[in-house]
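Since the structure comes first, as structure tokens, the remarks are kept for the end.
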Ligand SMILES: [Zn+2]
């Protein structure tokens, strides 16, 4: 990580802790060159599912992709299991009520996930 103060790319982590309800890790870093401190956040890369930001802001998502993912998961464990839990397991991802409603509707339409 390049230092925002002097642009050196040599730093050490002086503190790590969970942030944002455990979906991110906040690292306090100290530049080995200028000794300034700054903070970075590490999180799992988003994988194209429905994303609800903490601000409540929603990012575009690919509904077909969600359905495919849920179907694959349902096939794997034999039943729908907990969709939200599964999606959370994929990263910083949550489903909107609408998306869950849509899934439930599709489930009725095409014979279900199992
Ligand atoms: Zn620096």
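The values are calculated or read from the model by the stated rules, or taken from the named source; none is laboratory data. As the structure is a computational prediction, the values presented were derived from the model and not from experiment. Cβ placement follows ideal geometry from the backbone for every residue including glycine, while neighbour counts extend to all protein chains displayed.
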Please work out which residue is surrounded by the most Cβ atoms within 10 Å (Cβ to Cβ), limiting yourself to the stretch 8-61 and to residues that are modelled with pLDDT under 70 and part of a strand (DSSP E or B). 51
Return the pair list, or none, for Cβ contacts closer than 8 Å from residues in the stretch 1-28 that are touching a residue at least 60 places away in the same chain (Cβ under 8 Å) and under 15 Å from residue 44 (Cβ atoms) to residues that are within 10 Å of the ligand (Cβ to nearest atom) and outside any helix (DSSP H, G or I), at least 6 apart or on different chains. none
